[in-house]
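Visitor: I'd like to ask you about the structure that follows.
The values are calculated or read from the model by the stated rules, or taken from the named source; none is laboratory data. Not measured: the values here are computed from a predicted model. Glycine also receives a Cβ, built like all others from the backbone with ideal geometry; neighbour counts cover every protein chain displayed.
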Amino acid sequence: MSDDADPGASKPRESAYRESRWPMAAAVLSAIVLTILLPDDLRLAPRWLLPAVEGLLLAALIAGDPGQISRRSAILRAASLALISVLALSAMSSTIQLVDDIVHAGPETSSAPALLQAGGSVWACTVLAFSLLYFELDGGGAAARAERMPASPDLAFPQQLTADLADPQWRPRYLDYLYLGLTNSMAFSPTDVMPLAPWAKITMSIQAVASLLIIGLIVARAVNVLA
């Protein structure tokens, strides 16, 4: 009797570890909208090209594994990595172009409203892109984390460092990675999440440098414009 009860009892618990697809999808859609709204000089490609590619990849992911992220498929994994790579490439290209425009007093940075709008959009794109990058690479991705958390995490969250803070089987969700991307962009360094794997240290360093360039140059340029 007890053997029959165990599988059924474990299903709700396993389901609780799975990551909902929709927060991640909302982040991708937000990045797509921000990319479309960017000035032409700050985009890597024509206005609709990258958003169209990102939208198609997102649609493929939703169709292949809707609702909760639970399928560990090489095709879905490749599509997810391709989507996030395009988002990250677009964000870093916009960052480089924004820095160049600020240094050379480009048209997007000649007035305070235009500067704040362009700079804020680029900065938000980097936060979203890097949060999705952490989300996809940490522990092999959401589907892998739902099945089993690695013994040695790539990113150490407080709940993993202190057993009393959470259930031993706690899994990070996309919101945790969004918070990591946001705080790393604002503090230019780790806050409560510690990078342990080499890729995590390199990625967080790149994000911190990019954010420092955006914020520092925007402030300097804004002072010059307003003066």
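Visitor: Scanning for something within 24 Å of D176 (Cα to Cα), of a type in the set (A, V, I, L, M, F, W, C), assigned to a strand (DSSP E or B) and modelled with pLDDT under 95, does the stretch 58-73 turn up at least one residue?
Guide: Yes, the stretch 58-73 contains at least one residue that is within 24 Å of D176 (Cα to Cα), of a type in the set (A, V, I, L, M, F, W, C), assigned to a strand (DSSP E or B) and modelled with pLDDT under 95.
Visitor: Then there is this: Being surrounded by 20 or more Cβ atoms within 10 Å (Cβ to Cβ) and of a type in the set (A, V, I, L, M, F, W, C) is the filter here; which residues of the stretch 153-188 pass it?
Guide: The answer is L155, F157, L178, L180.
Visitor: With more than 19 Å from Y134 (Cβ to Cβ) and polar (S, T, N, Q) as the only criterion, which of S73, S20 stands out?
Guide: S73
Visitor: Oh, and also: So which pairs qualify, if the first residue must be in the stretch 145-174 and more than 19 Å from S20 (Cα to Cα), the second must be assigned to a strand (DSSP E or B), the Cβ gap must be under 7 Å, and the two must be at least 6 apart or on different chains?
Guide: Close Cβ pairs satisfying both conditions: L155/P195; A156/M194.
Visitor: Only one residue in D167, D138 is farther than 28 Å from L49 by Cβ, charged (D, E, K, R) and touching a strand residue (DSSP E or B) at 6+ places or on another chain (Cβ under 6 Å). Which one?
Guide: So the residue among D167, D138 that is farther than 28 Å from L49 by Cβ, charged (D, E, K, R) and touching a strand residue (DSSP E or B) at 6+ places or on another chain (Cβ under 6 Å) is D138.
Visitor: Under 7 Å between Cβ atoms, at least 6 apart or on separate chains: pull out the pairs that start in the stretch 189-207 with a residue that is crowded, with 20+ Cβ neighbours inside 10 Å and end on any residue that is part of a loop (DSSP other than H, G, I, E, B).
Guide: V193/F157; A200/D154; M204/P190
Visitor: Just the residues that are surrounded by 15 or more Cβ atoms within 10 Å (Cβ to Cβ) and either among the β-branched types (V, I, T) or without any contact (Cβ under 8 Å) to a residue 40 or more places away in the chain (or both), please, taken from the stretch 208-222.
Guide: Matches in the stretch 208-222: A208, I214, I215, I218.
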